[in-house]
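Colleague: First the structure, which I've put down as structure tokens, then a few questions once you've had a look.
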Amino acid sequence: MSEDRAPYDDPAPQPGIKINPYLLFFGSIIPNWLLRRSEVSQAAKLTYARLMQYAGESGEAYPSQDSLAQELGTSERQLRRYLDELEGIGLIGSIQRGLGQTNSYVFFQ
């Protein structure tokens, strides 16, 4: 692995090359219980999965909305809609930590 890449930064796949995905990639996981919840949009499920990847031992995640939006390929405004959806359904809670600081996100099932 190149030294300038983090260990969780997967290389881009090469088109047409057969791979064995077993233990090949690091990334976000969408739990099966969440996949089965039809009232949650696909984008909100992906947002939940990406938020979980940020969670530390405390079970809280602190990513900036700008970072999340860029990683998910959406605008910050749209990301806030996904976060509001997750919070409205009761899958996450957010805590404002102060002016100029990122929110803290906690998780529920």
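The values are calculated or read from the model by the stated rules, or taken from the named source; none is laboratory data. Keep in mind that what you see is a predicted model, and the values were worked out from it rather than measured. Virtual Cβ from ideal backbone geometry, glycine too; neighbours counted across all protein chains shown. Side chains included, ligands, DNA and RNA excluded: accessible areas come from the protein's heavy atoms. Shrake-Rupley method; radii C 1.70, N 1.55, O 1.52, S 1.80 Å.
Colleague: When you check LEU72 against the structure, is it hydrophobic (A, V, I, L, M, F, W, C), at pLDDT 95 or above and either closer than 14 Å to SER28 by Cα or open to solvent by 40 Å² or more (accessible area, probe 1.4 Å) (or both), yes or no?
Modeller: Yes.
Colleague: If you don't mind, another one. Please enumerate the residues belonging to region 44-63 that are outside any loop (DSSP other than H, G, I, E, B), open to solvent by 30 Å² or more (accessible area, probe 1.4 Å) and not polar (S, T, N, Q).
Modeller: Quick first cut of region 44-63, residues outside any loop (DSSP other than H, G, I, E, B) only: 44-54, 61.
Keeping just the survivors that are open to solvent by 30 Å² or more (accessible area, probe 1.4 Å) gives 46, 50, 52-54.
LEU46, ARG50, MET52, TYR54 - these are the residues of region 44-63 that are outside any loop (DSSP other than H, G, I, E, B), open to solvent by 30 Å² or more (accessible area, probe 1.4 Å) and not polar (S, T, N, Q).
Colleague: Another one. What's the number of the only condition in (1) at pLDDT below 90; (2) at positive phi; (3) under 17 Å from the mean Cα position of the chain (by Cα) that GLY59 fails to meet?
Modeller: Of (1) at pLDDT below 90; (2) at positive phi; (3) under 17 Å from the mean Cα position of the chain (by Cα), only one is false for GLY59: (1).
A quick yes/no check of all residues on (1) touching a residue at least 12 places away in the same chain (Cβ under 8 Å); (2) more than 30 Å from GLN14 (Cα to Cα); (3) aromatic (Phe, Trp, Tyr):
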{"residue": "PHE26", "(1), (2), (3)": "yes, no, yes"}
{"residue": "ILE29", "(1), (2), (3)": "yes, no, no"}
{"residue": "GLY56", "(1), (2), (3)": "no, yes, no"}
{"residue": "SER67", "(1), (2), (3)": "no, no, no"}
{"residue": "GLU85", "(1), (2), (3)": "yes, yes, no"}
{"residue": "ILE92", "(1), (2), (3)": "yes, yes, no"}
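Colleague: Only one of these conditions is not met by SER67: (1) among the hydroxyl-bearing types (Ser, Thr, Tyr); (2) farther than 15 Å from TYR105 by Cβ; (3) in a helix (DSSP H, G or I). Which number is it?
Modeller: Answer for SER67: the failing condition is (2).
Colleague: Can you tell me which residues in region 75-92 are open to solvent by less than 50 Å² (accessible area, probe 1.4 Å) and of a type in the set (Gly, Ala, Ser)?
Modeller: Within region 75-92, just GLY90 meets the criteria.
Colleague: Among what's in region 22-43 and is open to solvent by less than 80 Å² (accessible area, probe 1.4 Å) and polar (S, T, N, Q), pick the residue that is nearest to the chain's Cα centre (by Cα).
Modeller: Top of the filtered list is SER28.
Colleague: Report the residue count in region 91-109 for those that are in contact with a strand residue (DSSP E or B) (Cβ under 6 Å, 6 or more places away or on another chain) and outside any strand (DSSP E or B).
Modeller: The qualifying residues number 2.
Colleague: Before we move on, is ARG50 of a type in the set (D, E, K, R) and within 22 Å of SER104 (Cβ to Cβ)?
Modeller: On the way: of a type in the set (D, E, K, R): yes; within 22 Å of SER104 (Cβ to Cβ): yes.
Yes.
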